[in-house]
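The values are calculated or read from the model by the stated rules, or taken from the named source; none is laboratory data. The structure displayed is predicted, hence computed values, not measured ones. Every residue, glycine among them, receives a Cβ derived from its backbone with ideal geometry; neighbour counts consider all protein chains shown. Each accessible area value is taken on the protein alone, full model and side chains, heavy atoms only, with ligands, DNA and RNA left out. Shrake-Rupley method; radii C 1.70, N 1.55, O 1.52, S 1.80 Å.
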Amino acid sequence: MIVTRDWLLTETPASRGQAAWGRRYRLWLQFRRNPLAMAGLIVALSLIVLSLLAPVLATHDPGVQELSNRLARPSVAHWFGTDELGRDVYSRLLYGGRITLGMVVAVVLLVAPLGLAVGCVAGYAGGIWDRLLMRVTDVFLAFPRLILALAFVAALRPGVTSAVAAIALTAWPPYARLARAETLSLRRTDFIAAVRLTGAGAGRIVLRHVAPLCLPSLIVRVTLDMSSIILTAAGLGFLGMGAQPPSPEWGAMIATARRFILEQWWVPTIPGLAIFIASLAFNLLGDGLRDVLDPKQDG
Amino acid sequence: MLVEIKNLRIAFSTPTGWAEAVRGVSLTLGKEKLGIVGESGSGKSLTARSLLRLLPGNARVQADRLAFDGIDVLAASERQMRAIRGKRAGLILQDPKYSLNPVMTAGDQVAEAWRAHKGGSKRAAAQAAVDLLAQVLIRDPARVAGSYPHELSGGMGQRVMIAMMLAPDPELLIADEPTSALDATVQAEILRLMEDLVSRRGMGLLLISHDLPLVGHFCDRVAVMYAGRVVEELQAGELTHARHPYTRGLLNCMPRLSHPEARLPVMVRDPAWLAP
Amino acid sequence: MIAIDGLRVRFGPNEVVHGISLDVPRGSSFGLVGESGSGKSTILRAFSGLNPDWTGKMRLDNVPLDRKRDRAFFRRVQMVFQDPYGSLHPRQTVDRALSEPLIVHGLQDRDARIAQALSDVALPNSVRFRYPHQLSGGQRQRVAIARALMAEPNVLLLDEPTSALDVSVQAEVLNLLRDLQQRRGLTYLLVSHNLAVVAHLCPIIGVMQGGDLVETLSTDDLRAGRVHHSHTAQLRALTVELEDGGEAAARASA
């Protein structure tokens, strides 16, 4: 099958696949019209690609120290200069992206399905299940995110894994709330009533009919939250509770270099810029996705 | 003439170019009751809203003449338009649930509309509001004035809406499907009320509806719209002499209590109706 | 086929249906008319199993119904909703909507059945993979009817099936419902606020007011004006009054 614009945009698709791809293509066309969102998407994707290709693109080993050449200015040999132990900041930034962005991806993969499941079940089942699940959610919501994460990491061993677990633990309640609110309004609709009248069981209704409709707003919310997850991950790294030295995590990089902010400003500033750019890119992307995916905006 | 519309065209921008929704409508309205009838998508609401310049931002409006009481609506400043909207021309929408402010009492909303156009003290406005509610035949106006919209029935809400629109003594009332959300018994009452107020105050009424018999019953003249065009304009009493096959089709395809039919006639749409 | 006896339905603390009884013979149609809030749709929802908070007796084909319905019940009883914009899943194609009942009931030959269902409701095969937003209101309602018929039920509950449609489309859908009934021997329980629509499809009509069934009469009696309750008379008068103009016009054009 040749995939052409006409094939995708036809008003009379001939198969399930064509209909689904046609819908996706239309969403993409709509998304493409928003230049800021496109910028966000491109930057976010390039950051991910750069991190994945770190071994190829790095000019130096991120762990190798060169004490004679510490805190060097950006130059041809060291594009972003060197840090307090003479390590190449550019290479550390690339490898650091793997850790920081990897943590974000891990958190999202843990949090989104958990929040969706809890929210949909609570919203659809109602009654005692709803009260039980939502009170648990409330308990987690009641703690300030960073403090709970700190306490959790401090109780365990500081490191990337416990940081991910800690952030995930504090990040899922808003998604559960969101999914529950969506489910509550969906369950009163006629089309869900029609599915119930086919005789389908509750599990099938939630999984196949309700959850797919909660997904778009959840994706938007997750994308918008990515920046705050990056900041929390970096914050934990900065406080020494995340990735441990000598791992080049962006937040930890700032933490160790903060003493030099006045004299050798580029050393802490460059990872800071990376955090800033990544957060902004995900935020723009999320805003653009909201315009396209938000079910309240299309007819 | 209160309203003059000549060769009105409204188009919306789409990814594939401009889509024309209204394609050359001409109408005039004096101090009379004109009904615009058509199916969904016929452009009837757009035509009426263009008079108040209340169209979405992506709409393109063109007309040889689009005037309210001699004021060119297309050229008027936003300030001139504000003086028309709500003051000289009131708009009543389908569902009062969405057009009334849920956190203000009915009386306060009517009083605010009155004060915005007439000034005066709060107490005078509150008194005027109760008078207006009485004018729309609400039996216990003082009680209704103190109620919130969610405490009112659909018909009562629509009466409050009409009272609000009457506050500034408008010259024109535009009613866009004012009774479609209401029960048949209430529908008749509201329409009779509007009919009565319009003739007593000497206003013009533009009634937009999908229900041809209903409009024929309450208006002086009826304009039938199809696909963005007025296909037929006739006196309400002469619905019997409708010539256009679309108008006749609309009347024929309704099931009738007094005339049982095994099968309803189905409208066959002639592409020629689209031609200018 | 349908027998309802002393049905009472509650919404929280309020009783909205105060003990109504009605019978619909197999292959026939019963029309419920009334204004909004009269409880007519509530009766449908209670019978369909969507609202479990009821007391009284309901029987389908002489078998008493429980609060909880089993899967077999949903093969025999299906419902068509008022708003064709709200009753189809916005992210599912027509194909998916029609497949759903087949999957749930484990029916084979999905492709053939869907093609047949589309042709039964006079929809072209080209709409099969479209999304609801690509269809007109009339087409959506046809899809909803097709979906209701997928599992080959005997009883169709129709909740204002044409009130969101333009009159010309309403005529097409009413004709379709009548054809389907004749072809498949369906039993209809129709709810509408439009007296003429109910009279068109149903030989027996029940008039509801404030949760009570105030009068049950034959359509012939209604047409002839042999009514007893004042509410029936009032609804009839309103309908006939508006028909005067249209009726004369129809005579002129005929």
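Taken over region C:1-45, the criterion of being closer than 19 Å to C:L60 by Cβ, part of a loop (DSSP other than H, G, I, E, B) and either among the hydroxyl-bearing types (S, T, Y) or touching an Asp or Glu at 6+ places or on another chain (Cβ under 7 Å) (or both) is satisfied by C:M1, C:S28.
Could you say which residue among C:L149, C:L176, C:L165, C:L235 is within 7 Å of chain B (Cβ to nearest Cβ) and at pLDDT below 95? Even if it seems obvious, please write down each step before you answer.
On the way: C:L149 fails: within 7 Å of chain B (Cβ to nearest Cβ); C:L176 fails: within 7 Å of chain B (Cβ to nearest Cβ); C:L165 fails: within 7 Å of chain B (Cβ to nearest Cβ).
Exactly one of C:L149, C:L176, C:L165, C:L235 is within 7 Å of chain B (Cβ to nearest Cβ) and at pLDDT below 95, namely C:L235.
The selection criterion, being under 29 Å from A:A179 (Cα atoms), modelled with pLDDT under 80 and not hydroxyl-bearing (S, T, Y), does not hold for A:P245.
Taking C:G86 as the residue in question, decide whether it is among the small types (G, A, S) and over 20 Å from A:G199 (Cα atoms).
Details: among the small types (G, A, S): yes; over 20 Å from A:G199 (Cα atoms): no.
Spelling it out, it is not the case that C:G86 is among the small types (G, A, S) and over 20 Å from A:G199 (Cα atoms).
Per-residue answers, yes or no, for (1) more than 11 Å from chain C (Cβ to nearest Cβ); (2) of a type in the set (S, T, Y):
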| residue | (1), (2) |
| --- | --- |
| B:G216 | no, no |
| B:D220 | yes, no |
| B:Y226 | no, yes |
| B:R229 | yes, no |
| B:E233 | yes, no |
| B:H241 | no, no |
| B:T247 | no, yes |
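Within region A:244-270, the set of residues being open to solvent by 30 Å² or more (accessible area, probe 1.4 Å), in a helix (DSSP H, G or I) and under 13 Å from A:A234 (Cα atoms) comprises A:I254, A:T256.
When every residue of region C:68-86 is checked against the conditions, at least one turns out to be closer than 21 Å to C:S119 by Cβ and at the interface with chain A (Cβ under 8 Å from one of its Cβ atoms). Exactly one residue out of B:Q62, B:Q109, B:Q80 is open to solvent by 80 Å² or more (accessible area, probe 1.4 Å), among the polar types (S, T, N, Q) and either without any contact (Cβ under 8 Å) to a residue 12 or more places away in the chain or farther than 24 Å from B:M1 by Cα (or both): that is B:Q80.
Considering B:R143, B:R243, B:R200, B:R248, which residue is without any contact (Cβ under 8 Å) to a residue 60 or more places away in the chain, part of a loop (DSSP other than H, G, I, E, B) and either open to solvent by 50 Å² or more (accessible area, probe 1.4 Å) or farther than 27 Å from B:G24 by Cβ (or both)? Can you show your working first?
Details: B:R143 fails: part of a loop (DSSP other than H, G, I, E, B); B:R200 fails: part of a loop (DSSP other than H, G, I, E, B); B:R248 fails: part of a loop (DSSP other than H, G, I, E, B).
So the residue among B:R143, B:R243, B:R200, B:R248 that is without any contact (Cβ under 8 Å) to a residue 60 or more places away in the chain, part of a loop (DSSP other than H, G, I, E, B) and either open to solvent by 50 Å² or more (accessible area, probe 1.4 Å) or farther than 27 Å from B:G24 by Cβ (or both) is B:R243.
For region A:71-89, the criterion of being part of a helix (DSSP H, G or I), open to solvent by 80 Å² or more (accessible area, probe 1.4 Å) and either of a type outside the set (A, V, I, L, M) or at pLDDT 80 or above (or both) is met by no residue. What about A:T189, is it open to solvent by 10 Å² or more (accessible area, probe 1.4 Å) and within 14 Å of chain C (Cβ to nearest Cβ)? It is true that A:T189 is open to solvent by 10 Å² or more (accessible area, probe 1.4 Å) and within 14 Å of chain C (Cβ to nearest Cβ).
Out of the residues in region B:257-273 meeting the condition of being over 24 Å from B:E233 (Cα atoms) and in contact with a helix residue (DSSP H, G or I) (Cβ under 7 Å, 6 or more places away or on another chain), tell me which one is surrounded by the fewest Cβ atoms within 10 Å (Cβ to Cβ). I'd like the intermediate steps shown before the answer.
Taking region B:257-273 as the starting set, the residues that turn out to be over 24 Å from B:E233 (Cα atoms) are B:257-264.
From the residues that got through so far, the ones that are in contact with a helix residue (DSSP H, G or I) (Cβ under 7 Å, 6 or more places away or on another chain) too are B:257-260, B:263-264.
Values: B:L257: 23, B:S258: 16, B:H259: 13, B:P260: 13, B:R263: 11, B:L264: 21.
That would be B:R263.
Note on region B:228-240: residues that are open to solvent by 10 Å² or more (accessible area, probe 1.4 Å) and modelled with pLDDT of 90 or more amount to 7. Scanning region C:189-204 for residues that are surrounded by fewer than 24 Cβ atoms within 10 Å (Cβ to Cβ) and part of a strand (DSSP E or B) gives a single hit, C:I204. Within region A:90-135, which residues are open to solvent by less than 10 Å² (accessible area, probe 1.4 Å) and within 18 Å of A:S46 (Cβ to Cβ)? The answer is A:S91, A:G96, A:G97, A:T100, A:V104.
Restricting B:V25, B:V3 to residues that are within 15 Å of the chain's Cα centre (by Cα) and either under 30 Å from B:G237 (Cα atoms) or of a type in the set (S, T, N, Q) (or both) narrows the list to B:V3.
The test for being part of a strand (DSSP E or B) and surrounded by fewer than 24 Cβ atoms within 10 Å (Cβ to Cβ) holds for C:L156. Each residue in region B:33-53 was checked for being under 22 Å from B:R269 (Cα atoms) and either basic (K, R) or part of a loop (DSSP other than H, G, I, E, B) (or both), and 7 of them qualify.
Being of a type in the set (A, V, I, L, M, F, W, C) and within 11 Å of C:V77 (Cα to Cα) is the filter here; which residues of region C:159-198 pass it? Spell out the reasoning first.
If we filter region C:159-198 for residues that are of a type in the set (A, V, I, L, M, F, W, C), which is where we start, we get C:164-165, C:167, C:169, C:171, C:173-174, C:176-177, C:180, C:186, C:189-191, C:195-198.
C:L186, C:L189 - these are the residues of region C:159-198 that are of a type in the set (A, V, I, L, M, F, W, C) and within 11 Å of C:V77 (Cα to Cα).
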